[in-house]
Each structure stands twice: as structure tokens, then as C-alpha cells.
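The values are calculated or read from the model by the stated rules, or taken from the named source; none is laboratory data. Just so we're clear, the structure is a prediction, and the values are computed from it rather than from any experiment. As a convention, Cβ positions derive from the backbone with ideal geometry for all residues, glycine included, and neighbour counts pool all protein chains shown.
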Amino acid sequence: MVTSGFSSLQEILTNAFSGFGLTDAIDIALVAFVVYKILGFIVQTRAEQILKGVLVLIIALLVSDFLNLYTLNWMCKGAVALGAVAILIVFQPELRRALEYMGRGSFMRASIAPEDKEKLKKSITRIARATEDFSADRLGALLVFEGQTVLEDIAESGTVLDAEISEQLLGNIFYEGSPLHDGAVIIRDGKIHAAGCVLPLTRNLDIDSNLGTRHRAGIGITENSDALVIIVSEETGIISMARDGKLERFVDSRSIEKSLLDFYLKSRDLSDRIDVIPWAKELFGRKKGRDDDAEE
């Protein structure tokens, strides 16, 4: 009896995996990865609460169909039909952020020449010193470091400067009597691109109620882009850092330097990676030669 049951189980497993190949394993792994990423994205946004409501709606639809509750079933079907359009409207910012996240990557980063790296390090040191001075003087500041998501619409809300970074200039911008001190500074390509910019506020309701508009704006821009933001509280002088919708408080100048260096230098572009792969270097070298010849 036991042997017969074991044979049946073995036969079922054999039939189930007889046609299972490498492509099936890859297919399952990719689907599992996509589902994992989607669930992680949902947990990080307000989609988690709305997803619970959608699940309740689906359960109500199934139960009403099973119990022949025609009116309730008709209402649930209508709600489900409109749900796809409603999701696109409600989650438009989240969907935009997700598409931008998929569209950018370390392969697309522009490489940084050695001399530019040294210049960048000096600029980061100036920013860290200026931030430390702001903290000591309790001077409110909001610095947005642009990543691969271009923040031109944000920059247009302020005054475009396109100036070299200096402690004196940052001090003048955030000085309490300055007309630009209430807005954010956009740092692009190692320069102060714009100042006095207006940022979108976060929609996260779980943020500490003691945090003011400056902190909420700093978190808000990181929810819609890959920017890194440094915030100095005007009331307490506490330095905070925001990225990916998360806020880290009580940051010091050493942490600022390290985070900014990682932000700009940790990912090299595709051409840098190709240089360490002989066959790829030869292949793309030929392509680049052909492209140069075509331009000539």
C-alpha cells in the first residue's frame, strides 16, 4: 500500500518535471524577481493600503458570485472595470518613478575623468564645510544633488545661476535676508545650477510631525527622482539626508562627504566596465572606430 502510494507520487513528480528545462527555470526566476520587486515597491509607497482595498473588492466579487448576490456582484464588477483607469490616475507619480528607475542604470552614467574627480572632491569638501557652518549658525538650508533624473522643471521654478560651488556663495544664498534662502539649491555636474527652487512635498503621512516644510520638501523630491538631498534645520541645526523617500537625521560632515562621493563615484559607465573585458573592449573599440569614420 505504501509502496503503491510512493510509486504514484514518484510518477506524478516525474510527469511534472519531465518537460522542465533551463528556459523554464529562467522564466520562473525572472517572474519571481519581478513579483518581488513589485511587492517591494508597493510596500514603500501608499500602494500598500490601496492594495488591501483592492483585495477586499476582489474577495467581495468572488463571494457575491458564489452566493448569487446579483446586485453586489454587479457593483463589484463595475468597480473592477473602472479599477484599471483609477490605478493609472492614483498611482501616476509612483508609476512615473518606477519607469524612471527602470530607465536609468549604472550603465548609463557618464564617466568622470580623473581631473574631474579631483575637482568633484574639492566641491564636496566645500559643501560639507558649508553645511557644518549652517548647522553651527542654525541657518536653514536645502541642497538637492541631481542624479540621472533631470530636474529641469524644478530648476525653472527658481533662479538659474550655473555657478561654481563655494562656501561663500552658498552662505549668501541661504542667508536669512536673501530672497533665495527659502528655496532649494539644485547641484548639477558639480555646479550650483539653480537656487530658490520649489520642491514637491512628500505625501508620506508617517513622517514625524515635528519636521517642517523644508524636510518634507527634501523627502518629496527623492520620492520622484534619484536625487540625494541634504537638509539643515533652521530651528535645531540638525543635519539630515534624504534619498529614495527615506530620511536620515543627525548626519555629520564626514558622512556627507562619504555619501556624496558614493553618490557620484560608486557607479562607472559602460565604457569603463568594457575596458576590463578584453573581448568587449575590442568589439566596442571597433564600433567606436566605425562611428568616428562615419562622422568624418
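Structure values in brief
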item: Inter-residue pairs, beta-carbon under 9 Å, first crowded, with 22+ Cβ neighbours inside 10 Å and in the range 170-184, second part of a helix (DSSP H, G or I) and hydroxyl-bearing (Ser, Thr, Tyr), 6+ apart; result: Leu170/Thr131
item: Criterion: more than 23 Å from the chain's Cα centre (by Cα), farther than 17 Å from Phe263 by Cβ, in the same structural domain as Glu257 (by TED's automatic domain parsing) and not charged (D, E, K, R) - qualifying residue of Leu161, Leu205, Leu201; result: Leu161
item: Flag if Arg138 is modelled with pLDDT under 75 and either within 30 Å of Ile187 (Cβ to Cβ) or surrounded by 14 or more Cβ atoms within 10 Å (Cβ to Cβ) (or both); result: no
item: Wholly enclosed helices (runs of 4 or more DSSP H) of the range 46-126 bearing at least 2 residues at pLDDT 85 or above and more than 30 Å from Val144 (Cβ to Cβ); result: 47-66, 70-90
item: All strands (runs of 3 or more DSSP E) inside the range 186-263 with 2 or more residues being within 27 Å of Lys122 (Cα to Cα) and in contact with a helix residue (DSSP H, G or I) (Cβ under 6 Å, 6 or more places away or on another chain); result: 191-197, 228-232, 239-243
